[in-house]
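Okay, structure first, notes after.
Since every read-out is calculated from the coordinates, none of them should be taken as a lab result. Keep in mind the model is a prediction, meaning the values are calculated, not measured. Cβ sites come from the backbone with ideal geometry, for glycine too, and all protein chains shown count toward neighbours.
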Amino acid sequence: MNGNAEFITYCLEEYKAAQGMTGKEVITLFKRYNIIDYIVSCYGALHTMGGLAIAEDIESLIEGMKQKEEKECRITDTAI
């Protein structure tokens, strides 16, 4: 787990810097969208990428999840 913890920290720090966020904001966001699980499961691909590419990949994933949430909210609102 130590190697994973170091890589997760690296990804978190790269994302934080790219987005201009605080560590607390990034942790909250990563928890909400299960990004840590994503980092662990995709380590094989992610560890070959540079920091900026990792941050962009994570941002793309989060944006996709946000859009899915918004779509689900609209469907729920329409059904009510």
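Lys-Lys pairs in the chain that are eight or more residues apart or on separate chains and whose Cα atoms lie under 21 Å of each other come to 7. Within the set [x] 1.09; [y] 3.08; [z] 1.23, the number that Cα Rg over 2.2 N^0.38 Å takes when calculated for this structure is listed as [z].
Based on C-alpha pairs under 8 angstrom that are at least 6 apart in sequence, the stretch 2-79 has a relative contact order of 36 percent.
Summarising the label geometry, the points placed 7 Å from Cα in the beta-carbon direction at Met21 and Phe7 lie 2.1 nm from one another.
Calculated from DSSP H runs of 4 or more alone, at -39500 (n - 2.57) each and per residue, what is the 222 nm mean residue ellipticity of the chain, nearest 500? Each step should come with its number before you reach the end.
On the way: 5 runs with 68 residues, N = 80.
Computed ellipticity for the chain at 222 nm equals -27000 deg cm²/dmol.
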